[in-house]
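Have a look at the structure below, then the notes.
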Amino acid sequence: MTLLHIEDLVVEHRSPGRPAVRAVAGVSLTVAPGEVVGLVGESGCGKSTLARAVCGLHAAAEGSITFDGRPVTTLGLRRRELTGIQMVFQDPYTSLNPRRRVGEQIADGLRVHSVPGDPANGDSAELLERVGLPGSFAARHPHELSGGQRQRVAIARALAARPRLLIGDEPISALDASAQAQVATLMRDLALDAGAGLLFISHDLSVVRLIADRIAVMYLGRIVETGATATVWDAPQHPYTQALLRAVPRPDGLGTLPAELAGDVPDPADPPSGCRFHPRCPQVMDLCRVKEPDFGPAACWLHAPS
């Protein structure tokens, strides 16, 4: 059973006097109930745009997004009806209302799905305790909490609506290193306890490795490799995935520095011809410069199907 199905999705950003920027350039991806999918890649590769399209915050120029068998439509001025998808944003301070107590903000989600007399309704204090915070924090304002505590509040608020799909859009990048793995693991555990799917977006493969069942690697608007987490980590096929893994710090006791990926992500308004990674690829071939690989699980001519 598939909970989220993305098929050939294209999302464009348009500005007056400038060419359209295809931030997402033909992505297909699925998430099943109870599955954690990690979406990784450098900043600027289109991960957050994809997440916002799934939530209905960006319109699809081409392709489709279906959630639980229903098409996802763009959010307008009407009341948001697709509460089965909830997102935890990168910066919890900007996603929480600074004027309202955190308990009131969590209660908004509880009211959406409350059933009179249902003991599963719970309250704000109970949800705060589920994310590892004292129930008394319900009386506090966001500015009275640390960054890690605010992110836990954001998770509690998302869970209050009983989502079937939880999306974490770089939810740990604003946290210190000691809290990152804790928050990532917390999101996984809470999503799985609820039987929900989790799409976890990050540029940190070491954290994604801890929580994801599958990994999708994104580069310049395209998915270049997908696979089971252990397979991608132990035997990456695409040169871009290999470069990302070489950039992960490893505590080997020898003081070895992580390898830096050469070059910068090209302008998505003017992507390279052929394989989008070829200007930075150490294994580039003539074919890579003229024809884009359109196959999986690794979209690389080194692994073209016979």
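The values are calculated or read from the model by the stated rules, or taken from the named source; none is laboratory data. Small disclaimer: the values here were computed from a predicted structure and weren't measured. Neighbour counts run over all protein chains shown; Cβ positions are idealised from the backbone, glycine included. For accessibility, only protein heavy atoms count, side chains too; no ligands or nucleic acids. Shrake-Rupley method; radii C 1.70, N 1.55, O 1.52, S 1.80 Å.
Summary of computed values
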read-out: Any hit, the stretch 202-215, residues being part of a loop (DSSP other than H, G, I, E, B), in contact with a helix residue (DSSP H, G or I) (Cβ under 7 Å, 6 or more places away or on another chain) and of a type in the set (A, V, I, L, M, F, W, C); value: yes
read-out: Failed condition for residue 223, given (1) of a type in the set (A, V, I, L, M, F, W, C); (2) at pLDDT 95 or above; (3) under 21 Å from residue 51 (Cα atoms); (4) not in a strand (DSSP E or B); value: (4)
read-out: Some residue of the stretch 211-224 being within 14 Å of the chain's Cα centre (by Cα), within 19 Å of residue 86 (Cβ to Cβ) and without any contact (Cβ under 8 Å) to a residue 40 or more places away in the chain; value: no
read-out: Residues satisfying the stated conditions in the stretch 218-248, i.e. farther than 25 Å from residue 63 by Cα and among the β-branched types (Val, Ile, Thr); value: 229, 231, 232, 241, 248
read-out: Every residue from the stretch 62-108 that is crowded, with 16+ Cβ neighbours inside 10 Å and among the small types (Gly, Ala, Ser); value: 63, 84, 95, 103, 107
read-out: Given (1) part of a loop (DSSP other than H, G, I, E, B); (2) basic (Lys, Arg); (3) surrounded by fewer than 16 Cβ atoms within 10 Å (Cβ to Cβ), index of the condition residue 276 fails; value: (3)
read-out: The stretch 141-160 - residue that is closer than 18 Å to residue 129 by Cβ and assigned to a loop (DSSP other than H, G, I, E, B) and, of those, least open to solvent (accessible area, probe 1.4 Å); value: 145
read-out: In the stretch 163-180, the residues that are among the polar types (S, T, N, Q), touching a residue at least 12 places away in the same chain (Cβ under 8 Å) and out of contact with any helix residue (DSSP H, G or I) (no Cβ under 7 Å at 6 or more places or on another chain); value: 173
read-out: Residue within the stretch 161-181 that is part of a helix (DSSP H, G or I) and charged (D, E, K, R) present; value: no
read-out: Residue in the stretch 234-243 that is open to solvent by less than 50 Å² (accessible area, probe 1.4 Å), part of a helix (DSSP H, G or I) and over 21 Å from residue 280 (Cα atoms) present; value: no
read-out: Odd one out for residue 288, checked against (1) more than 14 Å from residue 219 (Cβ to Cβ); (2) of a type outside the set (D, E, K, R); (3) more than 24 Å from the chain's Cα centre (by Cα); value: (1)
read-out: Hey, residue 85 on the phi < 0 side of the Ramachandran plot, touching a Lys or Arg at 6+ places or on another chain (Cβ under 6 Å) and modelled with pLDDT of 90 or more or not; value: no
read-out: Residue in the stretch 1-20 that is modelled with the lowest pLDDT, counting only those that are surrounded by 12 or more Cβ atoms within 10 Å (Cβ to Cβ) and either in a loop (DSSP other than H, G, I, E, B) or more than 20 Å from the chain's Cα centre (by Cα) (or both); value: 20
